Amino acid sequence: MTTTRRTKAGQPTSYRPKYDEQVFQLCALGAIDREIADFFNVSESTVNNWKQGHPQFLESLKKGKLLADTNVAHALYQRAIGYSHPDVHISQFEGRAIETKITKYYPPDTTACIFCLKIAGPISGAMCTVWSTPARTAATLGSK
């Protein structure tokens, strides 16, 4: 009895290793799977196949989405507790433009507070992870 070796049917994959860095960047900017598929000019099912067949692609995608989620969580937290930042006020006096350095202050937002507490629950040790700063998350994710 002779055995024959079966080969995979279908087209060869259009996946390239350089897509790992690209998908990380896209996800860090908030791209969803449909937008990733559009960027690579493939179908969404192809992106799903790449996730299954290329672990490094899936890992890059997850890291990018984690960074985007952390940025949103940090911004929401800042909105909830209030924040300030340096700014420049430009005015005119006797025909001359005058730039004055100021600090803008945004008070805490009650709706953001409620939303934060619904997501994270009461203040706990877990809050440190949920509301990590984007810089800390980027450092945790590595050099990507």
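All of the numbers you see were taken from the coordinates with simple rules; none came from a lab. Source: prediction; values computed, not measured. Note: ideal-geometry Cβ built from the backbone for every residue, glycine included; neighbour counts use all protein chains shown.
Applying 1/(1 + (r/R0)^6) with R0 = 41 Å to the Cβ-Cβ distance of Leu117 and Leu29, what FRET efficiency is obtained, to the nearest 0.05?
The computed FRET efficiency comes out at 0.90.
Filter the cross-link list Lys51/Lys118; Lys18/Lys65; Lys18/Lys118; Lys65/Lys118 down to pairs whose alpha-carbon distance in this structure exceeds 29 Å.
Long pairs (Cα-Cα over 29 Å): Lys51/Lys118; Lys18/Lys118.
Given H placed on each backbone N at 1.01 Å, which residues far from Tyr83 in sequence or on other chains put an amide H within less than 5 Å of it?
Those qualifying (amide H under 5 Å, at least 5 residues apart or on another chain) are Tyr106.
When only DSSP loop residues count, what GluC sites (Glu not before Pro) in segment 39-98 have their Cβ near at most 11 other Cβ atoms within 10 Å?
Of the GluC sites (Glu not before Pro), the ones in loops of segment 39-98 whose Cβ has at most 11 other Cβ atoms within 10 Å are Glu94.
Where nothing but the Cβ of Lys and Arg (+1) and of Asp and Glu (-1) is charged, how large is the charge dipole of segment 1-105 around its Cα centre, in debye to the nearest 20?
520 debye
Provide the packing ranking of 75-81, 51-57, 61-67, 103-109, i.e. peptides ordered by the mean count of other C-beta atoms within 10 Å per residue, highest first.
Ranked by mean Cβ neighbours within 10 Å, highest first: 61-67, 75-81, 51-57, 103-109.
Sort all Cα-Cα distances of segment 21-128 into consecutive 10 angstrom bins from zero, then give the percent of pairs in each bin up to the one containing the longest distance.
13, 26, 20, 23, 13, 4, 1
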